[in-house]
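Peer 1: Sending over a structure as structure tokens; questions will come in a sec.
Readers should treat all values here as calculations from the given coordinates under stated rules, not as data from a laboratory. What you see is a predicted model, and the numbers here were worked out from it, not measured in a lab. In this analysis, Cβ positions are derived from the backbone assuming ideal geometry, glycine residues included, and neighbour counts consider all displayed protein chains.
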Amino acid sequence: MFLRKAAVGLLRRVRLHSDPIYASASRPATAMATTTPLPFSLSSKIKFPYQIGYESSWSTNCADPPTWIILSIQAAIILGMNVHPVFADDGSIQKNTESDAQDANIVGLRKIEDGSLISNVHTSKWRIFTDNGRDYFLQGKLEEAEKFFLSAIQEAKEGFGERDPHVASSCNNLAELYRIKKAFDKAEPLYLEAISILEEAFGSEDIRVGVALHNLGKFYLVQRKLEEARTIYERALKIKGRVLGRGNIDYADTMYHLGMVLFLQGRLNDSEVLIQDSVRILEESGQGESIACIRRLRYLAQIYMKSNRNSEAENIQRKVLHIMELSKGWNSLDTVVAAEGLGLTLQSSGNIKEARELLERCLDARKTLLPEDHIQIGANMLHIARVVMLNSNQLGRMHVSDAIAELDKAKGLLNNAIRIARKIINKLKMQSKKQGYGVSGETGPDGRVALIVLLQSLDALGLLESNRQELQDSGEKISTSEAKNAHFECISAYKELAAKRLISDSAEAKAEYLSCVKHLSSLLEAEGATQYRGTTLQELKDEIKRVEHGITQSIRHKS
């Protein structure tokens, strides 16, 4: 009974975001203006990838360095002491580290009272090593933390025995550190060893095994090993349901993570049921306005969007925005993110007027809360420009002057977005030049976002110029020089950054690059041209096939 109560009261919820990618590779070259949202969410605090969608992250939930959330699992649950233990810090502590760090479960003990064990030098050292490793881990000093965690494993084995739960606890700590460092080959054997020891000590259906399985499922999910993650989460869910009950919030946490895995596997209906139930459990537990519940509601909205159920997604997002407005007001970037998500959904549904009003309000808020050339402001301008272009398209030839005026507004927004993105990218170039080597994979969230904003803005500018020429057509042959130039600049920017290794090999960037190549190729074909600025039409077609093949292979590899 004590362990059941301890489990219910002390288990901590693990935050992990999964990020569906909204790639634009499939957009037709003749599209007026893409309505696909940027593959990231414009938040003010880091909420670790994957979410790139409405819940994705900027440095700090996203301000400027990324926030690192660490949770301490209670030792009673992992170690199963016979006598009531005294624990260390059991709250959440925030520190900064790389933006792709996930929540980590680290055990930290101040004191252990266990009549079955005789205290010795190994016991004392194990406590000290565990505490020190945890403290360095929370400070982001991973190298120092690793040394202490390795020492803790050794002391646990010598002081308690090779197959003692203390060893499992220490293995879990080191595995979590290796996961943060992306040393996955080192982490997995440690997770498996911890589970094996706990099963041997307490049985395969014990709650401590369920907690360890949840950690392993998270490890597989980070790597997109979806089938392995599904199997492990299902085992953890079964154990938590039996021990904690199906109305417990920690049972709901594993349910939510399993729902994310099913979503990524394309099983949208099954995913929806699980995430809906996890939300219901939180609401019935009085946590309907908690960060965890809001996160799940946003994920549920993504499922509805993926299923083309825009009205249901809109209802969820209105609910989230209402909660954020009441709890934080418009002086919070979290509220801005919620409003932006709703605005993009309204845009997809064709509700241009309300979408524009919301996105413009988001921009006004960001200009107050952020530096004037912050990349979030550039991305927000891109979103508004797309809505304005859609409005211009609706005005069409019945109101040509008004439609062109709208295009002028959109062009101003796009030029500003391009300027901001280039400023950030140029800064990265200078840093790379000083360092003397490429910084691929180390540009941080702002660098990755700046690249996508630049590519999408240039591509949208090309579409804008094509639309302007169509509106101004007086029967003469339409000039597409400005449109072609914008698309060509988009292609050149991607190639330059890729050649200098200033960008990682991201699917989002490839998709935007592919869109630019397709649009330029279509323009050349439409006017019967065979080349543009030294690049032939056949070369563009060959490049389209090459990039499409690369994206397809990448998707197959991930699945």
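Peer 1: How would segment 332-432 be classified by its alpha-carbon gyration tensor: rounded, prolate or oblate, with rounded meaning a/c under 1.5 and the a/b versus b/c comparison settling the rest?
Peer 2: Oblate is the answer for segment 332-432, as a/c is 1.5 or above yet b/c matches or exceeds a/b.
Peer 1: Can I ask one more? Could you sort the peptides 309-318, 535-544 by per-residue average Cβ neighbour count (10 Å cutoff), highest mean leading?
Peer 2: Per-residue mean Cβ counts within 10 Å order the peptides as 309-318, 535-544.
Peer 1: Show me the ranking of peptides 247-258, 487-498, 196-207, 324-335 by mean Cβ neighbours inside 10 Å, starting with the highest.
Peer 2: 247-258, 487-498, 196-207, 324-335
Peer 1: Which of the three applies to segment 224-323, rounded, prolate or oblate, going by the alpha-carbon gyration tensor with a ≥ b ≥ c and a/c under 1.5 meaning rounded?
Peer 2: Here segment 224-323 falls in the oblate category.
Peer 1: Could you work out how far apart the two model spin labels at Asp408 and Asp270 are, taking each label as a point 7 Å from the Cα in the direction of the beta carbon, and quote it in nm?
Peer 2: 5.6
Peer 1: Among Lys319/Lys409; Lys484/Lys518; Lys182/Lys218; Lys240/Lys306; Lys495/Lys541, which pairs are too far apart, with a Cα-Cα distance over 20 Å?
Peer 2: Lys319/Lys409; Lys240/Lys306
Peer 1: Moving on to the next point. Could you work out how much longer the chain between Ala499 and His549 gets when fully extended? Use 0.36 nm per residue separation minus the Cα distance between them, nm to one decimal.
Peer 2: My answer for the length gained is 16.0 nm.
Peer 1: With each label point set 7 Å from Cα along the Cα-Cβ vector, what nm distance links Arg318 and Lys423?
Peer 2: Between Arg318 and Lys423, the label points sit 3.7 nm apart.
Peer 1: P(r) for segment 320-361: what percent of alpha-carbon pairs falls in each 10 Å bin, starting at zero?
Peer 2: Here the calculated profile for segment 320-361 is 35, 50, 15.
Peer 1: Rounded, prolate or oblate: pick one for segment 265-321, where a ≥ b ≥ c are the square roots of the eigenvalues of its C-alpha gyration tensor, a/c under 1.5 means rounded, and failing that, prolate if a/b is larger than b/c, else oblate.
Peer 2: Taking the square roots of the gyration eigenvalues as a ≥ b ≥ c, segment 265-321 is oblate.
Peer 1: Before anything else, pin down the relative contact order of segment 298-408: Cα pairs under 8 Å, at least 6 apart, normalised by residue count, whole percent.
Peer 2: Over segment 298-408, the number comes to 17 percent.
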